[in-house]
């Protein structure tokens, strides 16, 4: 699944996230680029210069091994929380 997210330049990352989310996530540059800088500082993404489809020089971002590990941990935690919330709603429905 994570391969669907990279390596990509910032604009492509934003469009890919919109596509995957069915347009539920719309990231603007003011949100995306500071997040990418922070992820790079944490060692969760690496960067290199590449060329866009139009030939422009762009910074390309890719998940590092540490980034994939962190993403997996975040996904596991998210699934745990979703399970708890799901149980809460099922119990609430049973009480109605």
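Values computed for the structure shown
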quantity	calculated
On Cα atoms only, tilt of 29-41 relative to the major axis of the chain in degrees	90 degrees
Helix-only [θ]222 nm of the chain, DSSP H runs n ≥ 4, -39500 (n - 2.57) each, per residue, nearest 500	-19500 deg cm²/dmol
Helix axis angle, 10-20 relative to the chain longest principal axis, alpha carbon, degrees	30 degrees
Distance between the range 5-24 and the range 44-96 - C-alpha centres, whole angstrom	12 Å
With eigenvalues of the C-alpha gyration tensor scaled by 5 and rooted, the range 2-95, Å	33, 16, 10
Cα-based helix-to-principal-axis angle, 65-95 vs the chain, degrees rounded to 10	30 degrees
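Where a number appears in this text, it was derived from the coordinates with a stated rule and is not lab data. Since the structure is predicted, the reported quantities are computational estimates derived from the model, not experimental observations.
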